[in-house]
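Structure first, commentary second.
The values are calculated or read from the model by the stated rules, or taken from the named source; none is laboratory data. Not measured: the values here are computed from a predicted model. Heads up, the Cβs are rebuilt from the backbone with ideal geometry, glycines too, and the neighbour counts pull from every protein chain shown. Side chains included, ligands, DNA and RNA excluded: accessible areas come from the protein's heavy atoms. Shrake-Rupley method; radii C 1.70, N 1.55, O 1.52, S 1.80 Å.
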Amino acid sequence: MQAYELMQILDPIVGVVEATFFMNRGNELLGGDTPVSAMKAGRLDDVKRAVRAAAAERGVFKTSLG
C-alpha cells in the first residue's frame with residue numbers, strides 16, 4: 001500500500017485537503033513522525049492504525065484497510 005492508496009481511503013472521510021495535511025504532519029500515534037516518513041521507514045502497519053484512528057474520530061469505523 002502506498003501513500004496514494006491511503007489518500008484514497010482518507011479523502012471521502014475527511015476531504016482531500018485534510019487528507020493531505022494528515023499525511024504530511026507529525027502524528028502522535030507515529031511518535032511524531034509523519035505518515036509519509038513512517039511509510040518510507042517501512043512502518044505501514046503503524047500508519048494504517050493512525051488512519052483507522054483518524055476515521056474513528058470522525059465516526060467512520062470501517063475502512064478498506066486490511
Quiz item: Between residues in the range 2-15 that are under 13 Å from Ala50 (Cβ atoms) and among the hydrophobic types (A, V, I, L, M, F, W, C) and residues that are open to solvent by 100 Å² or more (accessible area, probe 1.4 Å) and not in a loop (DSSP other than H, G, I, E, B), which pairs lie under 9 Å by C-beta distance while being six or more apart or on different chains?
Solution: Val14/Phe21
Quiz item: Limited to the range 5-32, what total is found for residues that are farther than 16 Å from Asp45 by Cβ and touching an Asp or Glu at 6+ places or on another chain (Cβ under 8 Å)?
Solution: 3
